[in-house]
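Asker: After the structure tokens below, expect a handful of questions from me.
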Amino acid sequence: MSLVSIKDLKVSFKTRRGNVQAVRGISLEVAKGEVLGIVGESGSGKSVTSYALMRLLDKGGSISGGDLSYGGIDLKAASENEMKDLRGREISMIFQNPRAALNPIRKVGHQIEDVLCRHAKATRSNVRSEAIKALEAVKINDAEQRYDAYPFELSGGMCQRVVIAIALACDPKLLIADEPTTGLDITTQKAVMDLITELISERDMSALVITHDLGLAAQYCDRIVVMKDGEVVEEGQSDQVFTAPKHQYTLKLVDATPRIGVSVRELLLPDQRTPFPELKKVDLPLLEVRDLTKTFQGKSGPVHAVKGVSFTVKKGQSVGLVGESGCGKSTTSSILARLLDPTSGEVLFNGEDLSKTPARKFSRDPRRASIQMVFQDATDSFNPRHTARQIIGEPLARLTQMARKQRRSRVEELAVLVGLPVKLLDRFPHQLSGGQKARVGIARAIAVEPEFLILDEPTAALDVSIQAVVLNLLVDLRARLGLSFLFVSHDLHVVRLLCDEVIVMKEGKIVEAGAAEQVMTSPTHAYTRTLLSAAPHPPILTVPTSSAAE
Amino acid sequence: MTGRLATVGLRITHSIPVILGVVVVSFLLTRALPGDPAVYFAGPAADAASIAQIRTALGLDKPLPEQFLIYATDVLRGDFGQSISTGQPVSEDLANRLPASLELTLTALLLSCAIAIPIGVLAATRPGSAVDHLCRILVTAGVSLPTFFTGVVLIYVFYYLLGIAPSPLGRLDFIYIEPDHVTGFYLIDAAIAGDWETWLAALKQLVLPAVTLALFTLAPLARMTRAAMLSALSSDYIRTARASGLTDNKVLFTYAFRNALLPVITTLGMVFSFTLGANVLVEKVFAWPGIGSYAVEALVVSDYAAVQGFVLAMALLFVALNLIIDLTYSMIDPRIGFEAK
Amino acid sequence: MTDVVSNSVPPTRNHGALDHFLYVLRSNPVTLLAFMMLAVLLVAALVGPAITPYDPLTSNAAIALQPPSLDHWFGTDNLGRDVFSRVIVATRLDLAISVAAVALSFVIGSLLGSIAGYWGGWLDSVLNRLFDTIMAFPLFVLAMGIVAALGNTVENIVYATAVINIPFYARLVRAEVNIRREAGFTQAAKLSGNSDIRVLALHIFPNALPPMMVQVSLNLGWAILNAAGLSFIGLGVRPPTAEWGIMVAEGANFIVSGEWWLALFPGLALMFAVFTFNLLGDGLRDIVDPRQRT
């Protein structure tokens, strides 16, 4: 018998525009001891489903139809008090952004004790030792000392361990993990996921893992449910869903997931794959970085963000800069974009040292137009009071002598070039979708025909299927405009798709550099190997999807 | 714990430049007096010689930095100058009248906290309910009430129409004798003396002005409490607590309320500022013999030394109150000690 | 293409903003009321002196202290002046003082706040110290001190009210500018060739304006209270000028003998004005950012 059974669940939300159906009649089962993954892109209703199961829907949300049962208990009919007894004792939940999920001004030990006391799993005399045991169970070293820590004193990964400790303190039968690794570094991600699966199997629990990452789900779950627009489109064993997807949408998701041995074109559906463009490469250096350092004055002494970095980007070349948060890759890219002054070192661009002109004055430098940037968070990079047309036209107005009329036609030309419908040009950023915003950001960056384009995680905030489209657009533009790229990312698999060479950074230093394929297949540095192995490993397709669909 | 102590030390040192700034500003205010201060201090009947004499006595012929040093030293010694209307040192006048003001202000603040915080919490936990609407009305109407006008209306209703309030003239009706001076707070002194009749009479005098002041401070406190509770209740850690099955009381008090208290405590600083200002007006309306009405009386007769002494004293009092607020805050918020390290 | 255009999104923002404005007015009629109350105040301030039935300054001992009647809607004061006329005429002066004070502090505060927030560094520290010092005084008390020192005139009331308000604006602008200083669109604007001043004036400041407008509205109410409070204790406006604070002060002397109309009507007018600006501020807050609603 299954532990959880959801039948024809419907959830709707009251909004200003009337009722919105977030979940439109889904059914699924979780067996005892099973790990079920719910995969979907943003807005698919995957999180709402789990909150409905906990009966913790946000204000305005309600279960408008269907049945929910847990171990024979009708969750839809249960009273709020009965639900309170179930939450934490039978069904527990962990969340994304673990630091915010903990009470900032309460010791973590006390937060665990609260749950233990609530469900009478400990008495006054042994509650402290039980809480410490719970911390030890999630492999926190010095659990005794961590008991007295506040969340702000712990790292993100450590906070997630505490959240897991709270969730598992009362030995629940079911754990719901809502995007448990989003926002964590790739190595921490792996540690957290490994821990969760280990604890679940040790305690013979069931789990519901909600994620946007098909690769992660395939690696850690027994079975996968794929959701789209509030409906289940596919369900099956993990490797089967991945290797032989039945539904067109799943196929698209699988294809779009970057993985070993696949080219950027193969992320797209077969009928959208155009021939790979020919790239012109000239064996002349465009950008030479020599012994670049940057030191910030922090509250507790100087912070060395970049500690002597040297590399070269040739004309027409695409170089990837990879590392985890805090490795100095963003600082480096800001310096190269001339938004930040280096502490020391040279930045030679076509042989001239750019760092001689301070960042403050660089906006009026004739070379400003040659170096442009595409930002990580497109929404944040647009003035919310400007339309797409104004946004794309801004560099044209400031950096070129074009007349107004000329600019107008140039903006429309650019929109066509990046695949943005011209009629959307008069919209404001908040009226555009994620993919459209990414296109606007790219159009702005290439408006003044730069030679060198810095891409700062341009797809990090996008769903995989849109990421696939945007990555391909970048490849086309590079070929067409003869651009050189510096592609900054935390994800080696994405970088590989776009770059000829890869630079791996750690703690402000370059630990490995070389041809992309070589770094991916035979990394020399231990850290590169850790990064590579930490990324989720989707099962390798037995039959290439392209031929399966043909 | 050493981190905490260091924080306390740091907070105290932080207020030193503020105090310095306050002294500079009040020095500038005394020197910005209309006309020649020497002429003014010498009095209307003075001749040139006595004006010059006063000028030298006051140090007005010296360069400004030196004048400031003299002024600062005087302030440090507690010498705020001489009041021409009472003939007493200003600091002595202020010290005599301060307890009256403090008794009024503190009673009002306690009263408004006791009402505003529960209302704010209830309004936040039951949005759209009667309490929520009451809170909204209180908040919007409350900040629109001119204190002096509220006081006048209350006097009219409770003294003139209903006759249940005593005449609005000071801290104690003249038929009672002041309790022996211990703290200067009549309620406490009368209680110490065991004179409950006087205690009751003092309380009766206190009720209307305290309510007037409390009405004024109610609004910002209730507004902030409600907002802070709402934002705490919608945060991720509350979701975690709910998902762990914690009881409503636990979620509300241990998790939401303690977090919501932090911004409320910060607002208290602003509320103190308003209260100390409104205090002046309320004291005038109720003829309350505190330092506010002292300043108003001094203003009427152009007794500038008294007015500026009052401004400086109020500022120092406010700095002290802010320091207490800061320290309370760092006691509650564990993150503060960390920053200081 | 996956990113299809969804049709529910209105085509332009102006349309959207208007929609939102109408939505807020519809769902919150109180805001509509606030706009109507503002209209009443503005009419009284603009044409007040022309529409009053009596001269606000002419005294007539024969009709002193008469309760409200059909002839004198709000009664007469101790000198036989018509309270209604005086209340209406006072609108212009009270609004003028507060608008002038708020405008002054808005301009100076925005300027100083922008500089402090954008460039930071020692300038920021110095300005911060200055604002700390101003705010270390109970504000009304500082205003008293300033007016007492500079001289007892209406202009000085305006200056004093402006000075005590500057830190609020400066702090708000500083915070708003500061959070946008490192924002993506600021960096993008620099990449597009905008100089620092251009970035600040054309990209950052306009985005900080909406919260400022809320502050302005709430502040106007407070400035009126402040000015009235000062004249209540005898600073600034002198009798026989009609001004709400001073009228309440004069009327207060008669309250214990039961002549309530002297103080009540100017007091109510004062409340009405402050209430209007507070309602308006809350309404604007909803329009500007529905999430901030408190």
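The values are calculated or read from the model by the stated rules, or taken from the named source; none is laboratory data. Just so it is clear, the structure is predicted and the values come from calculations on it, not from any experiment. Methodologically, a virtual Cβ is constructed for each residue, glycine included, from the backbone with ideal geometry; neighbour enumeration extends over all protein chains shown. All accessible areas refer to the heavy atoms of the entire protein, side chains included, with ligands and DNA or RNA removed. Shrake-Rupley method; radii C 1.70, N 1.55, O 1.52, S 1.80 Å.
Asker: Once a ≥ b ≥ c are taken as the square roots of the eigenvalues of the Cα gyration tensor of the stretch A:371-464, is the result rounded (a/c under 1.5), prolate (a/b larger than b/c) or oblate (a/b not larger than b/c)?
Answerer: oblate
Asker: A further question on this structure: On the accessible surface of the stretch A:94-171, probed at 1.4 Å, how many percent belong to carbon and sulfur atoms?
Answerer: The nonpolar share, carbon plus sulfur, comes to 42 percent.
Asker: Which of the trypsin sites (Lys or Arg not before Pro) across the stretch A:281-354 are loop residues per DSSP, with 14 or fewer other Cβ within 10 Å?
Answerer: Answer in residue order: A:281, A:299.
Asker: Say R0 is 45 Å: what FRET efficiency, to the nearest 0.05, do residue B:249 and residue B:88 get from their beta-carbon distance?
Answerer: FRET efficiency, residue B:249 to residue B:88: 0.20.
Asker: Would you mind calculating the relative contact order of chain A from Cα pairs under 8 angstrom and at least 6 residues apart, reporting the percent as a whole number?
Answerer: That works out to 15 percent.
Asker: While we're on this one: Tell me what chain B gives for mean residue ellipticity at 222 nm when only DSSP H runs of n ≥ 4 count, each as -39,500 (n - 2.57), the sum divided by the residue total, rounded to 500 deg cm²/dmol.
Answerer: -24500 deg cm²/dmol
Asker: Something else now. Give me the accessible area buried between chains C and B, both sides summed, with a 1.4 Å probe, in Å² rounded to the nearest 100.
Answerer: Using a 1.4 Å probe, the pair buries roughly 4000 Å².
Asker: Let me ask something additional. Please work out the FRET efficiency for the pair residue A:353 and residue A:297, using the Cβ-Cβ distance as r and a Förster radius of 22 Å; give the result to the nearest 0.05.
Answerer: Plugging the Cβ-Cβ distance into 1/(1 + (r/R0)^6) gives 0.35.
Asker: Between the stretch A:94-150 and the stretch C:84-138, how many Å separate their Cα centres?
Answerer: 48
Asker: Further, regarding this structure: Could you point to the residue in A:475, A:306, A:406 farthest towards the positive end of chain A's charge dipole, with +1 and -1 charges on the Cβ of Lys/Arg and Asp/Glu respectively?
Answerer: Farthest towards the positive pole: A:406.
Asker: In peptide C:192-199, what is the residue-averaged number of other protein chain Cβ atoms found within 10 Å of each Cβ?
Answerer: Taking the mean over all residues of the peptide, I get 6.
Asker: Under unit Cβ charges (Lys, Arg +1; Asp, Glu -1), what dipole magnitude, rounded to 20 debye, does the stretch A:90-198 have relative to its Cα centre?
Answerer: 260
Asker: Pop out a list of residues from the stretch B:242-259 that are at least 20 Å² less accessible with all the protein chains around than in their chain alone; 1.4 Å probe, no ligands or nucleic acids counted.
Answerer: Residues passing the criterion (a loss of at least 20 Å², heavy atoms only) are B:242, B:243, B:244, B:245, B:246, B:247, B:248, B:250, B:254, B:255, B:258, B:259.
Asker: Let me ask something additional. What number, in nm² with one decimal, is the all-direction average of the projected area of the convex hull of the alpha-carbon atoms of the stretch A:94-171?
Answerer: Projected area, direction-averaged: 4.5 nm².
Asker: Something else: Using Cα-Cα distances under 8 Å and only pairs 6 or more residues apart, what relative contact order does chain B have, in percent?
Answerer: Relative contact order comes out at 27 percent.
Asker: For q values of 0.10, 0.16, 0.23, 0.27 Å⁻¹, compute log₁₀ I(q)/I(0) with the Debye formula on a Cα-only model of the stretch C:150-236, without solvent.
Answerer: With one equal scatterer per Cα and no solvent, log10 I(q)/I(0) is -0.39, -0.71, -1.03, -1.24.
Asker: Now, a different point. Cross-link candidates for residue A:246: which lysines have Cα within less than 24 Å, leaving aside residues fewer than 8 places away along the same chain?
Answerer: Cross-link targets: A:7, A:46, A:228.
Asker: At a 1.4 Å probe radius, carbon and sulfur cover how many percent of the accessible area of the stretch A:425-504?
Answerer: C and S atoms contribute 43 percent here.
Asker: Please state the charge dipole magnitude for the protein assembly as shown, taken about the Cα centre, from unit charges on C-beta atoms (+1 on K and R, -1 on D and E), reported in debye and rounded to the nearest 20.
Answerer: Result for the protein assembly as shown is approximately 2460 debye, rounded to the nearest 20.
Asker: Can I get the semi-axes of chain A's equivalent ellipsoid? Compute them from the C-alpha gyration tensor as square roots of 5 times the eigenvalues, in angstrom, largest first.
Answerer: Rounded to whole Å, the semi-axes are 44, 28, 23.
Asker: Which aspartates and glutamates have a Cα lying under 17 Å from the Cα of residue A:509, excluding residues fewer than 8 positions away in the same chain?
Answerer: Partners found: A:288, A:291, A:324, A:346, A:501.
Asker: With point charges of +1 on the Cβ of Lys and Arg and -1 on the Cβ of Asp and Glu, referenced to the Cα centre of the stretch A:403-550, which listed residue (A:486, A:417, A:452) lies farthest in the positive direction of the dipole?
Answerer: A:417
Asker: Could I ask something else about it? Counting just the Cα atoms, what span does the protein assembly as shown cover along each of its three principal axes? Round to the nearest Å and put the largest first.
Answerer: Principal axes ranked by extent give 107, 72, 64 Å for the Cα atoms.
Asker: Also, quick follow-up: Shape verdict for chain B, please, from the Cα gyration tensor: rounded (a/c under 1.5), prolate (a/b greater than b/c) or oblate.
Answerer: oblate
Asker: Hey, another quick one. Dipole magnitude of chain A about its Cα centre, charges +1 at Lys/Arg Cβ and -1 at Asp/Glu Cβ only, in debye to the nearest 20?
Answerer: Result for chain A is approximately 2140 debye, rounded to the nearest 20.
Asker: Estimate the FRET efficiency between residue B:95 and residue B:162 by the formula 1/(1 + (r/R0)^6), using the beta-carbon distance for r and 41 Å for R0, to the nearest 0.05.
Answerer: 0.65
Asker: Pull up the cross-link candidates among the aspartates and glutamates for residue B:204, meaning alpha carbon to alpha carbon under 12 Å and not fewer than 8 places away within one chain.
Answerer: B:173
Asker: Another question about this same structure. So how far, in whole Å, is the C-alpha centre of the stretch C:218-287 from the one of the stretch A:256-310?
Answerer: A separation of 65 Å, based on Cα centres.
Asker: Please report how far the C-alpha centroid of the stretch C:166-206 lies from that of the stretch C:30-52, rounded to the nearest whole angstrom.
Answerer: Cα centres, the stretch C:166-206 to the stretch C:30-52: 36 Å.
Asker: If you don't mind, another one. Divide, for the stretch B:53-102, the radius of gyration over alpha carbons by 2.2 N^0.38 Å, where N is the residue count.
Answerer: Relative to the 2.2 N^0.38 Å estimate, the stretch B:53-102 comes out at 1.37.
Asker: To continue, here is another question. Just the number please: accessible area per residue for chain C, 1.4 Å probe, all protein chains included, in Å².
Answerer: That works out to 40 Å² for each residue.
Asker: Could you list, in their original order, any pairs among A:10/A:59; A:32/A:133; A:329/A:506 whose Cα atoms are separated by more than 19 Å?
Answerer: From A:10/A:59; A:32/A:133; A:329/A:506, over 19 Å: A:32/A:133.
Asker: Go from 0 up to the bin containing the longest alpha carbon distance in the stretch A:283-534, width 5 Å each, and give me the % of pairs per bin.
Answerer: 1, 6, 13, 17, 19, 17, 13, 8, 4, 1, 0, 0
Asker: Select from C:256, A:534, B:301 the residue farthest towards the positive end of the dipole of the protein assembly as shown; place +1 on Cβ of Lys and Arg, -1 on Cβ of Asp and Glu, and compute about the Cα centre.
Answerer: A:534
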